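Read the structure below first, then the notes.
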Amino acid sequence: MKRLEVIYEDNHLIAINKPAGALVQGDDTGDRPISDEVKFYIKHRYAKPGDVFLGLIHRIDRPVSGVLIFARTSKALTRMNELFRNKEMDKEYLAISQERPQPMEGKIKNYIWNNPEKGRVSILPKIGRRTKDAKLAETDYKLIGEIEGHHLIQVFPKSGRKHQIRAHMAHIDCIIIGDMRYGKRKPTDDKSVGLHCRSMSFIHPIKKERVRIVAEPPKIQLWNKFRGLIEEI
């Protein structure tokens, strides 16, 4: 596990820049989740006796990097869950694709259905009898620039469905670099995908002031080439 990068911290919330490949929550792989690392950090930084409370507010796919926020109190957890449920959380992602989106700026709106047989989600124009549990999903995107045959795309998911950005980018023929689950044939060297949660902006659940948490993309060649463009956004 890479060293924990804490990017925001107060008595109510803690946010980290999750590295690609880190597991958010325990699963059947048996790998140690990064939530355990955050608990360890809090326990030792503040010399807390006993168990540390840490509430999982949202998730990021394992091969994706970026802003990951946890609640340090049950009150903050309840109120942050309400923000997500009421779509009062502004999320900004960056995606890298070899394909240029057409049009270069637009909105994707359709239904996403979790297909248990394929281990991935499917994009649907409408809900059917077999897919009655499909959920409406909406994503805005904008092409930022092209360097050496790769395109940097700014993405704003308006809903929070499973694999939403990855599936939506593939739906418009802009498969994210390294995303073999949604159509790429070749993985990246570190098995990550070219998707990064760059920022989350919201009204703090306790302080009632606007907070914007920003995470820098991974310091690897794929992202380094776009560093100048990203700083100008």
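Coordinate-derived values only; no laboratory data. Values in this document were obtained by computation on a predicted structure and should not be read as measured data. FYI the Cβ positions are ideal-geometry reconstructions off the backbone, even for glycines, and counts take in every protein chain you see.
Just tell me which lysines come within less than 24 Å, Cα to Cα, of Lys184; anything on the same chain fewer than 8 places away is out. Correct list for Lys184: Lys18, Lys107, Lys109, Lys118, Lys142, Lys162, Lys219, Lys225. Note on Lys162/Ala47: beta-carbon distance plugged into 1/(1 + (r/R0)^6) with R0 of 45 Å gives a FRET efficiency of 0.75. Simple point charges give the picture: +1 on the Cβ of Lys and Arg, -1 on the Cβ of Asp and Glu, and for region 6-232 a dipole about the Cα centre of about 740 debye. Under 12 Å of direct C-alpha separation, and excluding same-chain neighbours fewer than eight residues apart, Lys207 reaches these aspartates and glutamates: Asp10.
With a ≥ b ≥ c the root eigenvalues of the C-alpha gyration tensor of region 108-233, is it rounded (a/c under 1.5), prolate (a/b larger than b/c) or oblate? Please list the in-between numbers first.
Numbers: a/c = 2.07, a/b = 1.20, b/c = 1.73.
Oblate is the answer for region 108-233, as a/c is 1.5 or above yet b/c matches or exceeds a/b.
Shape class of region 1-137 from the Cα gyration tensor (axes a ≥ b ≥ c, square roots of the eigenvalues): prolate, since a/c reaches 1.5 or more and a/b is larger than b/c.
Determine the gain in length on full extension of the stretch Glu5-Glu37; use 0.36 nm per residue of separation and subtract their C-alpha separation, reporting nm with one decimal. Intermediate values should be presented prior to the final figure.
Working: separation 32, 0.36 × 32 = 11.52 nm, distance 1.06 nm.
This chain segment gains 10.5 nm when fully extended.
Candidates (1) 29, 21, 18; (2) 35, 21, 17; (3) 38, 19, 12; which is the computed semi-axes √(5λ) of the Cα gyration tensor in Å? Comparing each candidate, only (1) matches the computed number.
The sum of -39500 (n - 2.57) across all DSSP H runs of n ≥ 4, divided by the residue count of the chain, sets its helix-only mean residue ellipticity at 222 nm to -5000 deg cm²/dmol. The slack between Gln221 and Lys186, meaning 0.36 nm per residue of separation minus the straight C-alpha distance, is 10.9 nm.
Scoring 12-25, 46-59 by mean Cβ neighbours within 10 Å over their residues and listing the highest first yields 12-25, 46-59.
Between Lys107 and Arg210, how high is the FRET efficiency from 1/(1 + (r/R0)^6) when r is the Cβ-Cβ distance and R₀ = 30 Å? Nearest 0.05. List each step's numbers first, then the result.
Working: r = 25 Å, r/R0 = 0.83.
After rounding to 0.05, the efficiency reads 0.75.
For region 158-233 and region 26-86, what is the separation of their C-alpha centers, rounded to whole Å? When both Cα centres are located, 19 Å separates them. Measure nothing fancy, just the Cα-based angle from helix 34-45's long axis to the longest principal axis of the chain, in degrees from 0 to 90, nearest 10. Helix 34-45 and the main axis of the chain meet at about 30 degrees. Taking a ≥ b ≥ c as the square roots of the eigenvalues of the Cα gyration tensor, an a/c ratio of 1.5 or more together with a/b no larger than b/c marks region 59-109 as oblate. For the chain, the longest principal axis of the C-alpha atoms and the axis of helix 74-85 are separated by about 20°. Work out the FRET efficiency for Thr73 and Glu231 from their Cβ-Cβ distance, taking R0 = 45 Å, and round it to the nearest 0.05. After rounding to 0.05, the efficiency reads 0.85.
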